[in-house]
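Participant: Input: one structure, supplied below.
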Amino acid sequence: MDDIMAGRILHELQSTGYYPLAATNRPMETLWWALNSVLLQMRNPLYWTKLKKAKPKDIQYQTALQNGLALLAAGAAALGTRQAVVSSKDGLVRRISFQPRPYGVNWTALYALDPGLTVEIFGERPKGMHVEVSDILFLASKVMHLITQNQAGRIIDAVGTFLFFKDPIGADVVVREVTSGRIYTAALAPS
């Protein structure tokens, strides 16, 4: 991903109202900070048992979820993606597919992203604060796990479908538990 695409994602992200970002001449660095902030917000709600912490309050889940969905929806709008499907088994992500696929890239646990293909499409990865399309793909899996952790009380085997909207920027998520068929939902609320 280059600075132009990072700038487009930031522009879309600001339109969600979730991130009051200052104007910058370093869009990639600003996008990296936004992504890092979201991932840090998700850390405790996702891993509180492993971290041996008290169960987070619902506001922590909701803040992390809404900020994660805002960043995902902004990335989808800038990349031209309308839908994402994430599947997991045994608590691990098995497949992430954005449709249409940004740069033709898809991710599966078996094949991952071919490093040769990644370099061919994106060029050499710069050092320092940098965000790739794969970071946006994996954010979708974190958001799905956050939804199930909050609503089911644990990370479950599931298939999550994300629908993205452009005008205004939005996202609806439906997660179906594989074993029981239970449905869990979330949406990007207007800010």
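Read-outs throughout are calculated quantities, based only on the coordinates presented, and are distinct from any laboratory measurement. Just so we're clear, the structure is a prediction, and the values are computed from it rather than from any experiment. In this analysis, Cβ positions are derived from the backbone assuming ideal geometry, glycine residues included, and neighbour counts consider all displayed protein chains.
Participant: If the elastic network links every pair of Cα atoms under 10 Å, which of P102, P27, P168 fluctuates the most in the Gaussian network model of the chain?
Facilitator: P168
Participant: Additional query: In degrees, nearest 10, range 0 to 90: what is the angle between the Cα axis of helix 133-151 and the longest Cα principal axis of the chain?
Facilitator: Result, in degrees: 20.
Participant: Right, another one. If I model a spin label at T108 and I59 as a point 7 Å from the Cα along the Cα→Cβ vector, what separation in nanometres do I get?
Facilitator: Placing both labels 7 Å along Cα→Cβ, they lie 4.5 nm apart.
Participant: If you average the sequence gap of Cα pairs under 8 Å that are 6 or more apart and divide by the length of the stretch 3-187, what percent do you get for the contact order?
Facilitator: Once divided by the residue count of the stretch 3-187, the mean separation gives 23 percent.
Participant: Of the options S37, I96, A54, report the single residue whose Cα projects farthest towards the positive end of the charge dipole of the chain (beta-carbon charges: Lys, Arg +1; Asp, Glu -1).
Facilitator: Going by the charge dipole, the pick is A54.
Participant: Whole-Hz Karplus ³J(HN,Hα) for the stretch 80-90, in order, using 6.51 cos²θ - 1.76 cosθ + 1.60 and θ = phi - 60°, x for Gly and Pro?
Facilitator: These are the phi-based 3J(HN,Hα) values: x, 8, 10, 8, 9, 10, 10, 10, 9, 8, 6 Hz.
Participant: Sorted by average packing, counted as other Cβ atoms within 10 angstrom per residue and highest first, what order do 33-41, 53-61 take?
Facilitator: 33-41, 53-61
Participant: Placing +1 on the Cβ of each Lys and Arg and -1 on the Cβ of each Asp and Glu in the stretch 141-191, which of A186, F162, I147 has its Cα farthest towards the positive end of the resulting dipole?
Facilitator: I147
Participant: Who wins for biggest fluctuation among T161, T108, T16 in a Gaussian network model of the chain, springs between alpha carbons below 10 Å?
Facilitator: The residue with the greatest mean-square fluctuation here is T108.
Participant: Also, I was wondering about something else. Can you compute the charge dipole magnitude of the stretch 3-187 about its Cα centre, using +1 on each Lys and Arg Cβ and -1 on each Asp and Glu Cβ, nothing else charged? Give it in debye, rounded to the nearest 20.
Facilitator: With only Lys, Arg, Asp and Glu charged at Cβ, the dipole is about 680 debye.
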